[in-house]
Each structure stands twice: as structure tokens, then as C-alpha cells.
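Enquirer: Quick one: this structure, given as C-alpha cells, is what I'll be asking you about.
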Amino acid sequence: MNNYDVIVIGGGPAGLAAAIQAKKDGASVLLIERENRLGGILKQCIHDGFGLVRFEEKLSGPEYAERFIDEFNSLSIEALALTFVTKIKKNGDIFEIHVVNREGTAVFNCRAIVLATGCRERTAKQVFIHGTRPSGVFTAGTAQHFTNLLGELPAKKCVILGSGDIGLIMARRLTLEGCKVLGVYEAKPSPSGLTRNIHQCLNDYDIPLFLSHTVTRVFGDERLEAVEISRVDEKMRPIEGTQQTVECDALILSVGLIPENELAEELGVSMDSGTKGPVCDEKLMTSVEGVFSCGNALHVNDLVDYVSESGETAGAAAAAYKNTERTTVKLERGQGIMSLVPQMLDLNGATSSVTVYFRSADVLNNCALIIKIDGEEKFRKKYAFLRPPEMERLVIDFSAFNLSPDSKIVFETEVTSV
Amino acid sequence: MKEIICIVCPNGCTLNVEKNGGEITVTGNKCKRGEEFAVSEMTRPMRTICSTVKTDRADIPVLPVRVSADIPKEKIFAVMDEINAVTVTAPLKRGDTVIKNVLGLGADVIATSDILSRN
């Protein structure tokens, strides 16, 4: 009874979509979630704007998640909450998933795994903020958890470091609840978050955004009392003599997200330096046969609609998985491409309609995405602009390109006019 | 001429708005909704707001809510005061009304989660 076709690890939007799709495709499915409720990070993302692509509605995070949870429940898919995967072992063609929960330990077997483990926030230590260790230094997600799930305001007067979307959303949310947000400081010369969030979260509430600035020190013993802010040069190094001290009781960090892939790494899955997630083919199977990846574990998304889409792709492929040999060819990042998914194609699979996601490395206007095969341009799509914070999605028919395992397929950007 | 960023969808188009007497012309929008947004932004800016209301349960201290339709931007903090005055005691479902026609603005404050009815 501990045997399943597909085990999905993670019950956020990617895992829910994967489990639903695998079940609809006839697989027996178990979903494992470490928290007490399904929904993942959407549980605390009470702001709206989710589902514009999929449902053409502006839903809040809980509404979006619960539509999937309703479907998940109506399909009677098995789920284990408050259950943590400690180890995955491969035994021939079967994966053994070792878990621990309040009942003790258990082992479940499956032939395909979908890793939907989401991402983690970068912390203060990872961005080298020096000084004392007072309370009051939070990641934006932690501040969001306090505010939106526990109903506790974590600050009265705060500084936000980093202009990622969660930081911008939290600047607005804390302001609505009566906290004074003194400013959002971003080390890069351009914002990290979506342009519409700069407008509706900062400009609407007169919250200043300081580009090319960073926090260089924190002060306070028990509780944060102030932060030191410095201007930075184009290499993001603090400029001596530009320090200023800003009094505040909280520093909120929105300095990037990293896919969470401890389990994938343990399985020996190859990782991509661009996405920080697993290298996958067009069915979202990783370099390890039978192991699939989706959602923010695969690459950090800015729209949940695409998270669900990748979950469905991985879920369908996991349900259909048979251990047949792959003939793979690499999709390479060339000039101007920061990240690209998938990173390879299985030429034995269906390559006529492959969904590709990419981000540009820089802000470009009047530009194009180009695919070159063995040095020759085979595909071109024009864009009015490309911005690193905004992931692009397109569907490409690779079957038209006469690919072989030796083909050199390179994605690059080109500025068409200045 | 004024430049505004459209917040209707993730495209975030840069809209150029020109006001000629009573006439407003919009360029830079990829769709019709961008034009409507620009005109509303120049005449009566509207926004949606999302927040939480208190509950009487220790295990689920707050319930997420939002307004069912956009409200005037200048009423945001007045609506927040109404939202913060409420304590929910019933096991509301997603979409249930928490405050009917808040401040007479023609929008309800509605629950956005089944968390109270499900747990």
C-alpha cells in the first residue's frame, strides 16, 4: 500500500498542479507536504494579481491556491501534511522516499518523483551585512508570515533592502497596517521587481526607491536601532564617505530567491548555474531518469500561472514516464541570456511544441530573441523590450530544425535598433 | 504629456497620456484595458486593496480579505480603518461578505480564503 506511480514532494502551486495532472492522467499519486496545510507560499500572499494569465481574473494568493486545492480534493488525491522527506534512495527502477512525521518514520515507493520544493529567500548573511545581531532583521517572506498569517505587525519604522517583488509588496502591506516604510534601497542600478509593483506598491504610497544604494551595517543590541546606508559604484562596492545612518526598528530583506534543491542534489541531479535549479528536458525531467522538477524549484518565476503550467508539464510527464532511453541535445545560453528553461531536448520525445522560458541579462529595448543552430539563425522573435525581472515564455517547434545530438543550439538576444 | 505605468496586468506597459482640454489620448498601451486605466488614472484613480481581518480563533488569528471591486485611491486608508475594526466570528467561506458596501463605495469587503470553514 506504500507504492505509487508518482510521488510529488511539495504542496504549493507547482506540486498541486503536478499531482492533479498526474492523477487525471491515470497515475496513482501521493503528495508530501512539510507544512500543516497545502498552498505553499500562496497562503501568505494575500495581495491580488494572481491568475491573470490562467483565469483572466485578479485573484489573491489564497484564492488561487484554493481553486487548485478544491480540485485536488475532488480527485481524492492522497496527501500527507506535516511530513518531511529525509532521504530518497534509488533501488533499481524504484525510488524509496523516506519520511518522518508525527506517526514516526515511513518509506514510500514510486517510479517517478516530481520535485516541487519551491525556493528560499537569501538572508542577511548571504548579502554580507555586518554588525551586531539584534532582532528586527527579517526576510520579506518572514515579515509577510508575521503580518498576514499571525496578524502581528513586525515593525513600526522600517527600511527595506532589495527591490524584489516580495519586498515591494511588503512595503505596501506594512504601510497599509500603519508601519512607516522609510525607503527601499537597491544595490543594482535598476529595480529587481516588476515595473507595475514599483508603481502600485511604492509610488502610490510615496515610498522612495534609492537605486545603487545598500545597507552596509546594522546597529542595536536587543532590537535593531539603525542601519548604515552607503551608495555603491557600478560594481556594487560601497563608496567610502557616502555612509548615512537611518534610524529604524526593522530591516526587511528582499534580496533574491534561490531554488531549493537539497533533495535533487542528493539524487545526483545536474544543476544549472543560470537558474540555480536542475537541468531539465522539455518534459521537465532532470538529468536523473524518473526525477522531474517544476515551479520555483526549477527556476524562480514571477508569475504563479507559469508555476502551475510547469507543474502540469512535470505531472503529465511523470504519469507517462517509462524508462526509455533519451537522446539529448543541449539548449545553450548565449549573449544576453541570463536563464533558460529547458536546458536540453530529448530528440526521442515530442519537440514540435516546446514551452521555453527565458530571462534577459540586461534591460534591452527594440530587441529580439534569436536561436542559432550550428551558427545559423533559425528563429527570431522581436520584443519591444526585455527586462531581467520579467520572465518571457514562448512555444517553439524544434522539430522543424532537423536536430541531431551534435547540433549546437544557442539562444541569444540582439538589439535591433537603438 | 504624462508617462504612467499600467498596473492592470504583468506587461506593465508604459503609457503616454496627453490631455487636450477635455480629451485624453493614450498611446503605448498593448490593449484596451490600458486605455481605460490611463483615463481613470487621469480622472479618478481606482485601486484594489487586500488585507486581513481579526478572527476570534487563536489557531487562525486572521482571515485574508479584499475588496470585491476597485475603490477610489484616496479612500484606501479609510477602508483600511473599516477593515481593522472588524472581528470575524463565523466560519466564513471564500467569497463571503465581511463588510457590505464598505463606506458606501459600491464594493464589499470579501473573504479570500476557506481557512476558517475548512480547519
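Enquirer: In percent, what relative contact order does region B:2-43 have, based on Cα pairs under 8 Å that are 6 or more apart in sequence?
Expert: 33 percent.
Enquirer: Work out the mean other chain Cβ neighbour count within 10 Å for the residues of B:48-54 and drop it here as an integer.
Expert: Mean shielding by partner chains, rounded to a whole number: 6.
Enquirer: What net charge do the residues around residue A:411 carry, taking every other residue with its C-beta under 12 Å from that of residue A:411, with Lys and Arg at +1 and Asp and Glu at -1?
Expert: Here the count lands on +3.
Enquirer: Any of A:276/A:322; A:330/A:378; A:381/B:19 with alpha carbons more than 23 Å apart? Name them for me.
Expert: A:276/A:322; A:381/B:19, as the Cα separations exceed 23 Å there.
Enquirer: Taking a threshold of 26 Å on the Cα-Cα distance, which of the pairs B:2/B:75; B:54/B:100; A:24/A:408; A:90/A:372 fall above it?
Expert: Pairs exceeding the cut-off: A:24/A:408; A:90/A:372.
Enquirer: Turning to a different aspect of this structure: Averaged over peptide B:5-16, how many Cβ atoms belonging to another chain are found within 10 Å of each residue's Cβ? If you can, show how the numbers build up before the last one.
Expert: Working: counts 8, 3, 11, 4, 6, 12, 6, 11, 4, 3, 0, 0.
Mean inter-chain Cβ contacts per residue within 10 Å come to 6.
Enquirer: Each label point is 7 Å from the Cα along the Cα-to-Cβ direction; what then is the distance between the points at residue A:102 and residue A:152, in nm?
Expert: 2.2 nm
Enquirer: Going highest first, how would you order A:369-381, A:212-224 by mean Cβ packing within 10 Å?
Expert: My ranking of the peptides, most packed first, is A:212-224, A:369-381.
Enquirer: Only Lys, Arg, Asp and Glu count, each charged at its Cβ (+1, +1, -1, -1), so figure out the dipole size of chain B about its Cα centre, rounded to 20 debye.
Expert: Using only the charged Cβ atoms, the result is roughly 200 debye.
Enquirer: Note down the nm distance, to one decimal, between modelled labels 7 Å out along Cα→Cβ at residue A:376 and at residue A:56.
Expert: 4.1 nm
Enquirer: If you don't mind, another one. I need the calculated FRET efficiency for the pair residue A:362 and residue A:236, taking r as the beta carbon distance and R₀ as 22 Å, to the nearest 0.05.
Expert: 0.90
Enquirer: Leaving out ligands, DNA and RNA but keeping every protein chain, what accessible area does residue B:30 have, in Å² rounded to the nearest 10, with a 1.4 Å probe?
Expert: 140 Å²
Enquirer: Could you please report the charge total around residue A:71, scoring K, R as +1 and D, E as -1 over all other residues with beta-carbon less than 10 angstrom from its beta-carbon?
Expert: Net charge around residue A:71: +1.
Enquirer: Using the Cβ atoms and a cut-off under 14 Å, what net charge is assigned to the surroundings of residue A:218, where Lys and Arg are +1 and Asp and Glu are -1? Provide the component values of the computation, followed by the final result.
Expert: On the way: positive: A:125, A:133, A:217, A:223; negative: A:221, A:222, A:225, A:228, A:247, A:249.
Every neighbour counted, the sum reads -2.
Enquirer: Assuming a ≥ b ≥ c are the square roots of the Cα gyration tensor eigenvalues, decide whether chain B counts as rounded (a/c under 1.5), prolate (otherwise, with a/b larger than b/c) or oblate.
Expert: Working: a/c = 3.52, a/b = 2.43, b/c = 1.45.
In terms of gyration-tensor shape, prolate.
Enquirer: Return, ordered by residue number, the residues of region B:52-96 whose backbone nitrogen is under 15 Å from a label point located 7 Å along Cα→Cβ of residue A:35.
Expert: Once the point is set 7 Å along Cα→Cβ of residue A:35, B:60-64 turn out to lie under 15 Å by backbone N, inside region B:52-96.
Enquirer: Aspartates and glutamates near residue A:23 by alpha-carbon distance under 16 Å, same-chain residues fewer than 8 away left out - which ones?
Expert: Filter leaves A:5, A:70, A:71, A:78, A:309, A:312.
Enquirer: Enter the mean number of other protein chain beta carbons within 10 Å of the beta carbon of each residue in B:105-116, as an integer. It would help to have the intermediate numbers written out before the result.
Expert: Details: counts 0, 0, 0, 0, 0, 2, 2, 10, 10, 5, 6, 0.
Counting Cβ atoms of other protein chains within 10 Å of each residue's Cβ and averaging gives 3.
Enquirer: Students often check this: by mean Cβ neighbours within 10 Å, which of B:58-69, A:44-55, A:263-274 ranks highest, and how do the rest follow?
Expert: Descending mean neighbour count gives A:44-55, B:58-69, A:263-274.
Enquirer: Quickly estimate the mean residue ellipticity at 222 nm for chain A, helices only: each DSSP H run with n ≥ 4 gives -39500 (n - 2.57), and the total goes over all residues, rounded to 500.
Expert: -5000 deg cm²/dmol
Enquirer: May I pose another question? If the chain between residue A:2 and residue A:258 were fully stretched, how many nm would it gain, using 0.36 nm times the residue separation less the Cα-Cα distance?
Expert: Going from the current span to full extension adds 89.0 nm.
The values are calculated or read from the model by the stated rules, or taken from the named source; none is laboratory data. Everything numeric here is computed off the predicted structure, so don't read it as measured data. Neighbour counts are summed over all protein chains in view; Cβ atoms, including those assigned to glycine, are modelled from backbone coordinates with ideal geometry. To get the accessible areas, we keep the full protein, side chains included, count just its heavy atoms, and leave off ligands, DNA and RNA. Shrake-Rupley method; radii C 1.70, N 1.55, O 1.52, S 1.80 Å.
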